[in-house]
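What follows is a single structure, written as structure tokens, with notes after it.
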Amino acid sequence: MNMNFNKNLPYYLLLAFLVSFVILVFNSEGTAGGADDINHYRYARYAFDNPGFFFDTWAKPLFTLLFAPVAQFGFNAVRLFNVLIGLATALLTFLTAKKLNYSHPLLALFLLVFAPMYTMMMLSGMTEVPFSFFLILGIYLFFKNRYLWSALVISLLPFVRTEGFIIIPLFILAFMLSRQWKAIPFLFSGFLVISFAGSFYYDDFFWMITKNPYTGDASDIYGSGELLYYVNRFRAIFGLPFFMLIVGGLIYIPLHFFRSNKDNRPDFINKVLVGFLPFLVYFCAHSYVFWKGQGNSVGEIRVMAAVFPSAVLLALFAWDHLMRFLKLRENIKIVAVCVLAVYLIFVPFEVHKIPVDLAPPQKLIKEAASWLEDMEYTDRKIYFWDHFWWFFLDIDPTDQAKIREGVYDRNNPGKNILPGEIILWDAHYGPNEGRTPLERLQGNPDFCEVKVFRPKYSFTVLGGYDYEIHIFERLESSRKLELEAILDEIQKRENPLFRIRVLEYEDYEPAGYERDTSNLNSQNFKSGSHSFFLDEKRAFLPGIEIPIKGIKPADGSKLSITISHSFEVFAEEEPLLLVMSLQNSNEILFYHTWEIKPEKLHTWEETVIEHVIPEGRSNSDILKIYLWNQGGHQAYMDDFIIAIKEPRNSKKSTGKDSISLLVYKQ
């Protein structure tokens, strides 16, 4: 019975851990993963409705594939699944320690499960725990001499966390040292299979590289840190006992190498390459990129949990040799193991708040979300940056008719947002990842600030901002009202049997102008507060570039082009030209110009040109309308309107036929 108990003790312990963590999950409203955790849940939860989510490089394809079925049962189901994966990882770490003949492999369960950051990650739905599972499974299979299977498993690491690719060279070296040449190609099998599957979605076999979300430089957002940033935070990551054993193991590696028999050195090198170095290489890589401000690293200490099984093997290596060096009696060693194991259980609770509560920003978002529901704002479309918004509002984040991540245009946040729709700006994600500072919304005539939420006790977030939430409502666009007034004036001059349908309107106001603003002028304008100053340095003034099929003209329709101008200098011999052309990729099908001439200088005047809509040959034909300043005139331009003049009794075209335009740049 005693032998059976000892044999089954690891499983009894894991069962006790499972019960404990289930209780912790249901008592933890918050998560150490923060908004990233909720975002991973989003990809998994809605992947079946949005197949592209399975191939999202940020969400990680293999992680999403594993968690998608579980996510259908809610966020807590995802966290419970993560607990099971964490405990399976602990079991594999224990079995690997036994295979390596460590004298007290049972310590592996406590070192891993109660490493402070691993405990926190098991209570989340993040990628670190599944990564650690695949890592230790590959290590275990290697030491079991199941080399091909080991290579297959390790090849999947980059599809759980991108950093997995830095582990692969270690296994290449180990396979070479072990003369397992056949296993090496299998280290690329995961890339080949998943890249091939994703190529049907992206039409790009190398999508894992070309769609890598960590290639840009976001050091202006995330900054950088000291080289020993993660070392200095060892208590929150490892806890003191675990960290001391890791350091001891690193110190003892070279001593053991030179003391060992030469015949045993290849096996020890494999133990270092496969067992220990995954942790060390990963740790050093993250330390380096955060120090240099590269790889979009924000210095999250949670990332280290991904390689904890390797760190546990290193710590057990140190413990094993420490016990041999001390030459203690076996019963004293057992007491020492028990004391250390019991102490390890308390470590995560000493350095982190467990059960995990909502972080202060999340508490404020939850409060604001409750207010939005009470005020019935949730029946309007919502724009957000922090993913906790849709989570607390219980809105499907993939339903673009109800909710959208970010605004359409950071420089002009009111663009394409309809009156009455709501922007939820938070001081963490809004100015950082969203790159939309508060000043761009406050004082903006397109928005009204309806509510501000501030925490009871102020705190700062990324970028040094005091955290707060501002809720804005989109107003009726001043630009739209201005256009309506101009169209009313144009309509009054028209035959009442015709109406005007606008294709493009440019008023050259900085908030709505999407190109180079250096020629915008605030001293002389027809309407609004700015005009465009055309001079010898600007040969062309963009109008539109539009597929002819998008115009959908009714019978009897014409193009109506209106431009307001005030000339300072006019050259008679080379007049300013309005150009209209129709072309496809091979030839110009139609080309016509009109001269724009002033009656008087220094006076605002209006030129109106009408012309039948040229007939195209195919749906790919492009209509282009622009101004050509061939004579180097100096003139102020304002209210450039390109419209369709069509009979009112036409049923073929309505004002809803407005299209998305491409700007024509010469």
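Of the numbered conditions (1) outside any helix (DSSP H, G or I); (2) within 29 Å of the chain's Cα centre (by Cα), P69 satisfies every one except a single condition; which is it?
(1)
So L582 fits all but one of (1) open to solvent by less than 20 Å² (accessible area, probe 1.4 Å); (2) closer than 23 Å to D639 by Cβ; what number is the exception?
(2)
What's the total number of residues in the stretch 614-639 that are among the acidic types (D, E) and surrounded by 22 or more Cβ atoms within 10 Å (Cβ to Cβ)?
Going through the stretch 614-639 one residue at a time, the tally reaches 2.
Is it the case that some residue within the stretch 387-400 is outside any loop (DSSP other than H, G, I, E, B), open to solvent by less than 30 Å² (accessible area, probe 1.4 Å) and in contact with a Gly (Cβ under 9 Å, 6 or more places away or on another chain)?
Yes; the residues of the stretch 387-400 include at least one that is outside any loop (DSSP other than H, G, I, E, B), open to solvent by less than 30 Å² (accessible area, probe 1.4 Å) and in contact with a Gly (Cβ under 9 Å, 6 or more places away or on another chain).
Of all residues in the stretch 515-533, which are at pLDDT 85 or above, polar (S, T, N, Q), in a loop (DSSP other than H, G, I, E, B) and closer than 13 Å to S566 by Cβ?
The answer is Q523, N524.
Within the set of pairs 6+ apart or on separate chains, which have a first residue in the stretch 578-589 that is over 17 Å from I641 (Cα atoms) and part of a loop (DSSP other than H, G, I, E, B), a second that is at pLDDT 90 or above and open to solvent by less than 40 Å² (accessible area, probe 1.4 Å), and C-beta atoms under 8 Å apart?
none
Working only within the stretch 85-127, note down all residues that are among the small types (G, A, S), part of a loop (DSSP other than H, G, I, E, B) and open to solvent by less than 10 Å² (accessible area, probe 1.4 Å).
Scanning the stretch 85-127 gives A115, S124, G125.
State yes or no: is N27 more than 25 Å from R161 (Cβ to Cβ) and under 30 Å from the mean Cα position of the chain (by Cα)?
In short, yes.
Say whether the condition of being at negative phi and surrounded by fewer than 16 Cβ atoms within 10 Å (Cβ to Cβ) is met by at least one residue in the stretch 417-425.
yes
If I ask for residues that are in contact with a helix residue (DSSP H, G or I) (Cβ under 9 Å, 6 or more places away or on another chain) and either without any contact (Cβ under 8 Å) to a residue 40 or more places away in the chain or basic (K, R) (or both), which ones from the stretch 21-43 would you list?
Within the stretch 21-43, R42, Y43 qualify.
Checking the structure you have, find out if any residue of the stretch 128-151 is open to solvent by less than 30 Å² (accessible area, probe 1.4 Å) and in a loop (DSSP other than H, G, I, E, B).
Checked the stretch 128-151: no residue is open to solvent by less than 30 Å² (accessible area, probe 1.4 Å) and in a loop (DSSP other than H, G, I, E, B).
Tell me whether the stretch 341-358 contains one or more residues that are at pLDDT 90 or above, under 27 Å from the mean Cα position of the chain (by Cα) and hydrophobic (A, V, I, L, M, F, W, C).
Checking the stretch 341-358: at least one residue is at pLDDT 90 or above, under 27 Å from the mean Cα position of the chain (by Cα) and hydrophobic (A, V, I, L, M, F, W, C).
Could you say which residue among N82, N76 is part of a helix (DSSP H, G or I) and surrounded by fewer than 21 Cβ atoms within 10 Å (Cβ to Cβ)?
N76 is the lone residue from the list that is part of a helix (DSSP H, G or I) and surrounded by fewer than 21 Cβ atoms within 10 Å (Cβ to Cβ).
For the stretch 427-437, give me the residue count where each residue is under 17 Å from I365 (Cα atoms) and surrounded by fewer than 17 Cβ atoms within 10 Å (Cβ to Cβ).
Qualifying residue count, the stretch 427-437: 0.
Quick check on my filter: what residues within the stretch 23-35 are under 27 Å from L344 (Cβ atoms) and either open to solvent by less than 50 Å² (accessible area, probe 1.4 Å) or in contact with a Gly (Cβ under 9 Å, 6 or more places away or on another chain) (or both)?
L24, V25, S28, G30, T31, A32, G33, G34, listed by residue number.
Criterion first (under 19 Å from H611 (Cβ atoms) and modelled with pLDDT of 80 or more) does I544 satisfy it?
For I544, the condition - under 19 Å from H611 (Cβ atoms) and modelled with pLDDT of 80 or more - is not met.
Given the conditions (1) loosely packed, with under 15 Cβ neighbours inside 10 Å; (2) part of a loop (DSSP other than H, G, I, E, B), report the number of the one that V452 does not fulfil.
(2)
Name the one entry in F191, F171 that is buried (at least 16 other Cβ atoms within 10 Å of the Cβ), at pLDDT 95 or above and not charged (D, E, K, R).
Just one listed residue meets the conditions, F171.
Kindly establish whether D49 is charged (D, E, K, R), open to solvent by 10 Å² or more (accessible area, probe 1.4 Å) and not in a helix (DSSP H, G or I).
So D49 fits the description; yes.
The values are calculated or read from the model by the stated rules, or taken from the named source; none is laboratory data. As the structure is a computational prediction, the values presented were derived from the model and not from experiment. Counting neighbours? That spans all protein chains shown, and the Cβs are built from the backbone with ideal geometry, glycine included. Areas reflect the complete protein model, heavy atoms only, side chains present, ligands, DNA and RNA absent. Shrake-Rupley method; radii C 1.70, N 1.55, O 1.52, S 1.80 Å.
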